[in-house]
1. Does B:K36 meet the test of being out of contact with any Pro (no Cβ under 8 Å at 6 or more places or on another chain), within 14 Å of another protein chain (Cβ to nearest Cβ) and more than 12 Å from B:E218 (Cβ to Cβ)?
2. Residues of region A:204-220 being closer than 14 Å to A:M59 by Cα and surrounded by fewer than 24 Cβ atoms within 10 Å (Cβ to Cβ), which ones?
3. So which residues in region A:221-243 are among the β-branched types (V, I, T), farther than 15 Å from B:F93 by Cβ and either within 13 Å of another protein chain (Cβ to nearest Cβ) or buried (at least 22 other Cβ atoms within 10 Å of the Cβ) (or both), if there are any at all?
4. Which one is nearest to A:L73 (Cα to Cα) among residues in region A:178-198 that are within 14 Å of chain B (Cβ to nearest Cβ) and crowded, with 20+ Cβ neighbours inside 10 Å?
5. Within region B:3-25, does at least one residue satisfy the condition of being under 24 Å from B:K206 (Cα atoms) and crowded, with 20+ Cβ neighbours inside 10 Å?
6. Kindly indicate which of B:G81, B:G107, B:G42 is touching a residue at least 24 places away in the same chain (Cβ under 8 Å) and more than 14 Å from chain A (Cβ to nearest Cβ).
7. May I ask you to say which residue of A:L174, A:L145 is buried (at least 20 other Cβ atoms within 10 Å of the Cβ) and under 13 Å from the mean Cα position of the chain (by Cα)?
8. If we scan region B:110-118, do we find a residue that is outside any helix (DSSP H, G or I), of a type in the set (F, W, Y) and either more than 8 Å from chain A (Cβ to nearest Cβ) or free of Cβ contacts under 8 Å to residues at least 60 places away in the same chain (or both)?
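The values are calculated or read from the model by the stated rules, or taken from the named source; none is laboratory data. Everything quoted here is computed from the prediction, not taken from an experiment. Note: ideal-geometry Cβ built from the backbone for every residue, glycine included; neighbour counts use all protein chains shown.
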Amino acid sequence: MTDFWIIATGALVAISCGILGCFLVLRKMSLIGDAISHSVLPGIVIAFMISGSRDSLAMLLGASVVGLITVFLIQIFQQSGVQADASIGVVFTALFAVGVVLVSLNARQVDLDLDCVLFGEIAYVHWNTIDVLGIDYIPKAVWILGFTVAVIFVVIGLFYKQFKICAFDPAMALACGIPVALFHYLLMGLVSMTTVASFESVGAILVVGMLIVPAATAYLLTERLSVMIVYSVLIGITCAVLGYYSAAWLDASIAGMMVTVAGALFVLAFIFSPSHGMLARLIKQRKLAVLHSQVS
Amino acid sequence: MKQTRHASPLTVTGLTVAYQKKPVLRNLTFDVPEGKLIGIIGPNGAGKSTMIKAILGLLPKVSGEVQIYGKPYAEMRKLIGYVPQRESVDWDFPTNALDVVMMGRYGHLGWFKRPGANEREIALDCLNKVGMADYAHRQISQLSGGQQQRVFLARALAQNADLYFMDEPFVGVDAMTEKAIISLLNELKAQGKTVLVVHHDLATVKEYFDWVMLLNVELIANGPTELVFTKSLLHETYGGKLAVFDQEDGATLVGAR
């Protein structure tokens, strides 16, 4: 059963990250995902200090708020003339540092391990079960991640067309009356929520890998957004399964292995993708060259 | 809606736009007549695109008011079609031509309705009008610049608007596409629609547009082409940058930038 819950946790992280990651990659906002995943740390700590427990709903809320503040600050700085990459760098490192200080200040009173926040420990998820509606054998992480996945399904499902047009042509979307800013912050809110829901299992840092790498891989394999999202999710789940078994085999970090597998799959797609791959491009060029030499 | 039609399709009052404190558009006040092809002409940096974006609410205004058929812009959005500059979007986006054209219907669908068979039919029809029906399922990155521009135009048609804003639709397109666009614009005009086009090529202004706005931070002139597109007003608009000039008044113009 241990195997099952660990893989289930990884797969749920993969599903939520895979869906949201597609929109981040297409909007060229991969680094915003990175920024959010770091800067939610003070939100997690403050929620922890206030609620006095690792009550995950409070953390989910606290961190989502800080995630939105991050995006808001980055935008304010950009609009007042700071370079885009610099403003991302300033905001997330500064907020992350505040989080580190808060953790160290409270280390004695509270049981919040920095390593655990940053790297997670998916191997222990099955020990931490809660009783919901009389069902007591499902781990807490699976409940929280399942809830997150459900929210993402509902929001993206209802507003798919808005998210799509905002990603492709925000100016046109705005001109025809779609509240672009609202959907921007909605997406960012979902990313924050996913980051926090995942931090106990894969950690705040590796969640970035699950957000970006499967989506970037899927991008290389298809030319339709809906298919890209499905591929991204499937690739993420594959990473969770393969990552778990190779970690078990090597006796290595499970979360680390999951993202390593994601990286390897990306390289494979980069080389062998029939549409965008390096090999396909080389063959096409070779054919063109041959055609050219025959003509001249 | 009919009773509002006596009002001008677009009335702008005291529009000022600034980037960091430096004004890019100063106190523009004008209205445009219905059912005309209107060329917005001016040198680089004159604020032509900025004006369109400010009217559409894509850029913050320092001051000014925009009315569409006599009503505030926000209430009339469904009557407006917008064709942004082609470079403003990522053409590697995973989607096909038909899908992009269907986006023209999203504004009409409201919050929750999904695009369906009806939208698909409209989109195919619009692609057909720009001569792109054969490319409906082509991935957009595989289209040439001219074809991409025609897809954008088809999307604007799908919006079924009464007032169109087009930002440099003729830039970087082949001769065939330019002809296709111009015949489409004339068709829109014949249907009584109003089209504002940001335009660069002074050589074709007289041929394409029956109304011209000359713009260089301030509005220099706004009126029928034969009255406004004259040597002296162009000189005022372009300053010393206008190179070669006419035989008769405002006739042959070459190399204006």
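1. When the stated conditions are applied, B:K36 does not pass them.
2. Selection gives nothing.
3. A:V230, A:V233, A:I235
4. Checking each candidate, the answer is A:F183.
5. yes
6. Numbers: B:G81 fails: more than 14 Å from chain A (Cβ to nearest Cβ); B:G107 fails: more than 14 Å from chain A (Cβ to nearest Cβ).
Being touching a residue at least 24 places away in the same chain (Cβ under 8 Å) and more than 14 Å from chain A (Cβ to nearest Cβ) holds for just one of B:G81, B:G107, B:G42, which is B:G42.
7. A:L145
8. Keep residues of region B:110-118 that are outside any helix (DSSP H, G or I), which gives B:110-116.
Pick out the ones that are also of a type in the set (F, W, Y) and you get B:111-112.
Among the residues that remain, those that are also either more than 8 Å from chain A (Cβ to nearest Cβ) or free of Cβ contacts under 8 Å to residues at least 60 places away in the same chain (or both) are: B:111-112.
Scanning region B:110-118 turns up at least one residue that is outside any helix (DSSP H, G or I), of a type in the set (F, W, Y) and either more than 8 Å from chain A (Cβ to nearest Cβ) or free of Cβ contacts under 8 Å to residues at least 60 places away in the same chain (or both).
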